[in-house]
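Student: Provided herewith is a single structure, encoded as structure tokens, for subsequent inquiry.
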Amino acid sequence: VDVPSYFVGFILTNCKLSDQNHGAIILADPSPIVFYPISSTEIRCMVDVPSQNLPSLSNGEMSHYLKTLVAPKVFPETYDSFISAIEKKDNIKIMPNRIMADAPHRTPGALLIGDSLNMRHAITGGGMTVALSDVVLLRDLLRPLHDLSDASVVCKYLQSFYTLRKPMSSTINILASVLHKVFSSSSDPTIEDIQHACIGYLRLGGVFSSGLSAMIAGLCPRPLSLAFHLFALAIYGVGRLLLPFPSPKRLWNGAKLFWVSSNIIFPIIHSEGVRQMFFPLTVPAYYRTPPRNKDLKV
């Protein structure tokens with residue numbers, strides 16, 4: 001289990017975001033800040049803090065960190081409520097952001113779903129989306145079964161679950177990890193170029209912004225669509241650096257952007273399983289049929 005960062009969360013009251021009924025994210029240094037309404041009067045704030053820089057909550061270091069380094073970067077309309085929330089006793093909660101790739105082991109009588117099987121960074125809030133998708137998938141797989149008494153046979157059949165869940169889980173997992181890596185502070189100027197490329201890509205509108213938004217929301221769980229957008233984003237970022245004229249320096253910066261992007265994306269895709277993501281029909285378990293009930297008369 002990898003813990004790249006922690007979410008420091010607290011509730012803001014008596015304030016509203018500029019765009020009501022929508023969440024907001026601030027791409028700040030050293031890491032993002034997320035706001036989203038949870039009621040008509042409350043807004044939850046989640047500050048992403050790198051694991052290696054986590055201040056202590058007990059001795060007041062966390063409050064000082066939030067007031068001096070984070071508060072100046074929040075929206076003006078939320079600043080006063082932000083400070084008040086920090087000063088409120090026992091209002092600050094800390095949650096580790098864990099990343100764990102799935103490595104299922106067949107165990108008769110047990111099946112892991114959601115975060116118990118694999119975890120992704122919480123920046124996109126995709127954990128419950130994956131868990132509920134697992135529930136629906138498992139419901140459909142169990143529906144034709146009439147006898148659950150033979151755990152080993154049922155377990156062998158349900159191995160297909162770990163392949164069938166891949167389109168949804170891998171799409172959301174990869175996006176969460178990529179977004180966190182890209183939008184966390186870095187001394188590498190190429191990362192900043194990638195950040196500007198991501199924002200510019202979303203500003204194109206149309207299928208470019210709606211496609212990524214749909215995948216983050218779990219409405220388009222297609223790994224091939226994800227690969228298309230990631231590749232298109234990299235091409236857009238390189239093209240943006242080459243314009244208006246591809247000088248040697250621009251060519252070098254474009255090559256670095258493509259290289260750094262590849263080093264971010266490909267290891268994450270590899271950890272998810274290339275075969276299960278893009279070629280699920282080649283996995284033998286995909287074709288397993290439900291075990292027949294010996295007592296069932298046809």
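The values are calculated or read from the model by the stated rules, or taken from the named source; none is laboratory data. In this text, all values refer to a predicted model and were calculated from it rather than measured experimentally. Virtual Cβ from ideal backbone geometry, glycine too; neighbours counted across all protein chains shown. Accessible surface is based on the protein model in full, side chains and every heavy atom, while ligands, DNA and RNA are left aside. Shrake-Rupley method; radii C 1.70, N 1.55, O 1.52, S 1.80 Å.
Student: Let me spell it out: the conditions are (1) in contact with a helix residue (DSSP H, G or I) (Cβ under 8 Å, 6 or more places away or on another chain); (2) in a strand (DSSP E or B); (3) more than 28 Å from H196 (Cβ to Cβ), and S5 meets all of them except one. Which number is the exception?
Tutor: In the conditions (1) in contact with a helix residue (DSSP H, G or I) (Cβ under 8 Å, 6 or more places away or on another chain); (2) in a strand (DSSP E or B); (3) more than 28 Å from H196 (Cβ to Cβ), S5 misses (3) alone.
Student: Can you pull out the residues in region 18-28 that are over 19 Å from L66 (Cα atoms) and open to solvent by less than 80 Å² (accessible area, probe 1.4 Å)? Give the steps one after another, and end with the answer.
Tutor: Restricting attention to region 18-28, the residues satisfying the condition of being over 19 Å from L66 (Cα atoms) are 18-23.
Selection gives G23 alone.
Student: Looking at (1) more than 18 Å from T289 (Cβ to Cβ); (2) outside any helix (DSSP H, G or I); (3) of a type outside the set (D, E), which is the only condition H146 fails?
Tutor: That leaves (1) as the condition not met.
Student: If we only count helices (runs of 4 or more DSSP H) wholly inside region 185-243, which ones have 3 or more residues that are over 15 Å from the mean Cα position of the chain (by Cα) and hydrophobic (A, V, I, L, M, F, W, C)?
Tutor: Hits in region 185-243: 189-203, 223-242.
Conditions tested, residue by residue: (1) more than 14 Å from D29 (Cα to Cα); (2) of a type in the set (F, W, Y); (3) open to solvent by 50 Å² or more (accessible area, probe 1.4 Å).
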| residue | (1), (2), (3) |
| --- | --- |
| L179 | yes, no, no |
| S184 | no, no, no |
| I191 | no, no, no |
| G200 | yes, no, no |
| V207 | yes, no, yes |
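Student: Conditions: (1) more than 20 Å from the chain's Cα centre (by Cα); (2) within 27 Å of S187 (Cβ to Cβ); (3) among the β-branched types (V, I, T); (4) open to solvent by 30 Å² or more (accessible area, probe 1.4 Å). V74 meets all but one. Number of the miss?
Tutor: Status for V74: all satisfied but (4).
For (1) in a loop (DSSP other than H, G, I, E, B); (2) open to solvent by 70 Å² or more (accessible area, probe 1.4 Å); (3) closer than 30 Å to I268 by Cβ; (4) not β-branched (V, I, T), each residue gets a yes or a no:
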residue	(1), (2), (3), (4)
I43	no, no, no, no
V49	no, no, yes, no
S58	yes, yes, no, yes
L69	no, yes, yes, yes
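Student: Just to be sure I understand the filter: pairs with C-beta atoms under 7 Å, separated by 6 or more residues or on different chains, first member in region 75-87 and in a helix (DSSP H, G or I), second member open to solvent by 70 Å² or more (accessible area, probe 1.4 Å). Which pairs pass?
Tutor: Qualifying pairs under 7 Å: E77/K16; E77/S18; S81/N14; I83/K67; I86/K67.
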